[in-house]
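The values are calculated or read from the model by the stated rules, or taken from the named source; none is laboratory data. Computed from a predicted model, the values in this text were never measured in an experiment. We place every Cβ from the backbone using ideal geometry, glycine too, and count neighbours over all the protein chains shown. SASA here: full protein model, heavy atoms, side chains in, ligands and nucleic acids out. Shrake-Rupley method; radii C 1.70, N 1.55, O 1.52, S 1.80 Å.
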Amino acid sequence: MFYLGTGILPAQDRASDTNPMANNPDAVAAGRRLYDQTCQACHGGEGRGDRGPALTTATLPHGSGDGDLFRNIRNGIAGSGMPAFSILTADQIWQLVSYIRSLNGAATASPNEVVAGDAAAGETIFFGKAACSGCHQVNGRGGIVGPDLSAAGKSSAQALRLKIADPNADSGGRGRRGPGVVVVKTSDGREIRGARRAEDTYSLQMVDISGKLLLIDKARITEERYEFKSLMPDNYAQRLTAAEIQNVVAYLKTLGARDFAKTIQADISGGLTPGLTFDRLRHSSAEPQNWLTYWGDYQGRHYSALKQINTSNVRQLQARWSAQLVGPSSLEATPLVVDGIMYTTGSPGTVVALDAKTGLQIWRYQRQQKVVNPYEINPFNRGVAVLGSRVFFGTLDAALVALDARTGLPLWEGQIDDTLKGYSLTSAPLALKDKIVVGITGGEFGAPGYVDAYDPATGRRLWRFNTIPGPGEFGHDTWKGDSWKHGGSPAWLTGSYDPDLDVLYWTVGNPGPDSDAEIRKGDNLFSSSVVALDPNTGQRKWHYQFTPGDSHDWDATEDVLLVDRPFHGQNRKLLLQADRNGIFYVLDRTSGKFLLGSPFVHQTWNAGFDENGRPRIVPGTDASPEGVAVYPSGGGGNNWRSPSYDPATGWMYLVFSDSGQRFVRTPEEYEAGKQYWSGRGTPIPGETATAGVMAIDPETGAVKWRYKIAQATLGGGVLATGGGLVFAATGDGNLIALNSKTGAPLWHFQTGARIGASPMSYSVDGQQFVAISAGSVLYSFALPQ
């Protein structure tokens, strides 16, 4: 059983990533008996599939490693028909894993197998004369038509040799006639032959013989047939000599596992998409059918120019598809869409690629968290970044991972920091020209924050900007004594970027401990600030601090929107932010000059601004031992939920909360890896919080309209579109559509679950969709066909 409160199995029952009974014939036999008793009813005889999926493939939808199989059998798979078999011992589960591994039709190699042949010569043949890499990938190098062979050496030499010489042979002795090949004829007269990847009643996914992934609507298919014959050429016995085949086998036998030292050297361009280039990212407004970054564009505007769905027809909007992404936590990710393919995260460690038109899964990657901080908080992941043909995401145990966008297979993994100190990566990275930029979280643990840039191909760190200046650095004197060492100031939410100025804008959270401003007396730079960075070096260009020396948990980690527009009669490059401290800000983003600060909810801490834009903090509003009532609350007037800027109206839209709290300061000793608050906010007696959606005019800071909602969440944001709409998410589970000019309600859909994510929009084949995650389900909406 699990130990209460830890979620950790006893050592004797814990799953490793390696089966201790691998290659044991007795274990396979015992596993077969167990399988017939416990698994056959759903997965069919010999794993051929029935109510449950077939197990005769090396790639399984919920993880294909030995440890994945162990955990799926032990714990079950939430949201599916797969129950937990916790009654089985660890040995029995490993026996089942051994049997399942024997079902792929290739005999498992003996650990002491000696293979003749020249492996180096075989590698040359594999990538040269035999052209095996045209279909097969080894460590990221090669095609995606056939199976990945990075671990081919786990099969016996005899099985490998037979597969090369006679790919259609019944190597498993169970009457299998090779992998299915699908041939379709389409309504436009094409005939396509390739490998079937996935299929449902209405759509088909296949990879043609050139390696291109095709997502086909079955309404466009006039004929479909299957060939029980491998796509692999059946004449290698004639094309290659016996010695050459043996050399290829010798090379394959050297491949025991995916090798990150080699995957970082692989050229993975092409395949699933032509690749998402920096040029496309910087001109994302030219392709509104896609949603290419976490914020929709580099400028953080979270806006879609699509207008097929508009004020006149939005009442007809209906759910088109949904995808279950069940995990231990609710969904907070905003998906990306690149050329009809949606990339998103489910529970932390899970990344999926979906057909954006149908929701049918293309691939799934699952990574088990390697280290768990027992005091871990915020078990969420908010999305991915895509650059070229790579997908990037962070993990709760503070690792950055790169995947092959064609297959979902890992290319590299870099450990950013130690999660036992409180560090994690929860938000989507930002992909620039030749860098992947991430911000770390851990502020509630007193762990000093930073922003990092990494090489997309290798994972090598290129620079780091520390959000707390060290001794001798500008701003270090704003920290009392050694308080800077545990000063928090995380940089956890995705930043914005101006490609014309070549400036990166990143927001920073509150100082630590959260509620004790006395122990760290001073402004505490660069906490609760926005910093403008040189993306080539990580050097600071300028900063603006929204809340000096904050003691209210007012992270400034809200989206900064970069807008070019007239301001007070002059065309300017602006930075807009509705901060957690209840003030709406307008800055000149070329210099950081303060231009406007206007409350958008009730606030009692700020008496105005001096000529340099520094707030005049009301005395007695810092957290105190006896407690002090201050507005807004620690949750803030705004939070990390996405705002949106509509160039047609010139307004910024956001979900707001309006309430206060009593802020109490209590002594607390710092302990590494534990939360370090030194106090908390408590409700004000008789206080009733209000929430809603609002439109703000950046010219004046005036609120143009408000629409009341029952409940806001920290992550449920808004999306303005070219159709004159604002889509907004509520904590009570509603996705709503409002008129962007008036705030009038036009449509809503009750998802039945808490919404902790923001809506986004894209189009496929000329049809616009609006997608949002709610609970553990990703929904996509469209007009009736």
- Message: Can you tell me which of (1) open to solvent by 10 Å² or more (accessible area, probe 1.4 Å); (2) in contact with a Gly (Cβ under 7 Å, 6 or more places away or on another chain) is the one Glu668 doesn't meet?
- Response: (2)
- Determine if region 274-289 includes at least one residue that is buried (at least 24 other Cβ atoms within 10 Å of the Cβ) and more than 16 Å from the chain's Cα centre (by Cα). yes
- Item | Filtered residue count, region 370-387, keeping only those that are open to solvent by 50 Å² or more (accessible area, probe 1.4 Å) and closer than 26 Å to Ala457 by Cα | 2
- Note on the structure: Output for Cβ contacts, cut-off 9 Å, separation at least six or different chains, first residue under 19 Å from Ile144 (Cβ atoms) in region 241-269, second hydrophobic (A, V, I, L, M, F, W, C) and in a helix (DSSP H, G or I), reads Leu252/Ala119; Leu252/Phe126; Leu252/Ala152; Leu252/Ala157; Leu252/Leu160; Leu252/Ile164; Leu255/Ala152
- So is Ala728 open to solvent by less than 10 Å² (accessible area, probe 1.4 Å), in a strand (DSSP E or B) and touching a His at 6+ places or on another chain (Cβ under 9 Å) or not? no
- Task: Starting from region 23-43, take each residue that is touching a residue at least 12 places away in the same chain (Cβ under 8 Å) and of a type in the set (Lys, Arg) and list its partners that are open to solvent by less than 50 Å² (accessible area, probe 1.4 Å) and part of a helix (DSSP H, G or I), counting only C-beta distances under 6 angstrom and pairs at least six apart or across chains.
- Result: Arg32/Tyr99
- Query: Across region 681-690, which residue is modelled with the lowest pLDDT among those that are of a type outside the set (Val, Ile, Thr) and in contact with a Gly (Cβ under 8 Å, 6 or more places away or on another chain)?
  - Reply: Glu687
- Somewhere in region 388-396, is a residue buried (at least 20 other Cβ atoms within 10 Å of the Cβ), assigned to a loop (DSSP other than H, G, I, E, B) and modelled with pLDDT of 95 or more? yes
- Those residues of region 553-593 which are out of contact with any Asp or Glu (no Cβ under 8 Å at 6 or more places or on another chain) and within 24 Å of Pro683 (Cβ to Cβ) amount to Asp555, Thr557, Gly582, Ile583
- Query: Which residues, taken from region 567-588, are open to solvent by less than 10 Å² (accessible area, probe 1.4 Å) and among the charged types (D, E, K, R)?
  - Reply: Asp579
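So that you can scan it fast, the table gives a plain yes or no per residue for (1) at pLDDT 95 or above; (2) open to solvent by 40 Å² or more (accessible area, probe 1.4 Å):
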position	(1), (2)
Ser86	no, yes
Asp91	no, yes
Trp94	no, no
Ser102	no, no
Glu113	no, yes
Glu123	yes, yes
Cys135	no, yes
Arg141	no, yes
Ile144	no, no
- Take the residues in region 615-644 that are charged (D, E, K, R) and surrounded by 15 or more Cβ atoms within 10 Å (Cβ to Cβ), then tell me which one is nearest to Asp514 (Cα to Cα). Asp622
- Query: Does Ala556 qualify as being in contact with a Phe, Trp or Tyr (Cβ under 6 Å, 6 or more places away or on another chain) and either among the hydrophobic types (A, V, I, L, M, F, W, C) or under 26 Å from Glu473 (Cα atoms) (or both)?
  - Reply: yes
- Report, ordered by the first and then the second residue, all pairs with beta carbons closer than 6 Å, sequence separation of six or more or different chains, a first member in region 700-713 that is β-branched (Val, Ile, Thr), and a second member that is surrounded by 13 or more Cβ atoms within 10 Å (Cβ to Cβ). Val703/Met694; Val703/Ile696; Ile709/Ala691; Ile709/Gly692; Ile709/Thr730; Thr713/Gly731; Thr713/Gly756
- What residue, of Gln318, Gln308, Gln265, is open to solvent by 50 Å² or more (accessible area, probe 1.4 Å), of a type in the set (S, T, N, Q) and in contact with a Phe, Trp or Tyr (Cβ under 7 Å, 6 or more places away or on another chain)? Gln318
- Message: If I ask for residues that are closer than 19 Å to Phe445 by Cα, assigned to a loop (DSSP other than H, G, I, E, B) and of a type in the set (A, V, I, L, M, F, W, C), which ones from region 646-696 would you list?
- Response: Ala672, Trp677
- Message: Checking the condition open to solvent by 10 Å² or more (accessible area, probe 1.4 Å) and either within 22 Å of Thr590 (Cβ to Cβ) or of a type in the set (S, T, N, Q) (or both), which residue from Thr507, Thr467, Thr441 passes?
- Response: Thr441
- Query: Which condition does Asp339 not pass, out of (1) within 11 Å of the chain's Cα centre (by Cα); (2) surrounded by fewer than 24 Cβ atoms within 10 Å (Cβ to Cβ), if it passes all the others?
  - Reply: (1)
- In region 326-336, anything surrounded by fewer than 24 Cβ atoms within 10 Å (Cβ to Cβ) and of a type outside the set (Gly, Ala, Ser) is listed as Val326, Pro328
- Item | Failed criterion for Val451 (all others in (1) out of contact with any strand residue (DSSP E or B) (no Cβ under 8 Å at 6 or more places or on another chain); (2) open to solvent by less than 10 Å² (accessible area, probe 1.4 Å); (3) under 18 Å from Gln539 (Cβ atoms) hold) | (1)
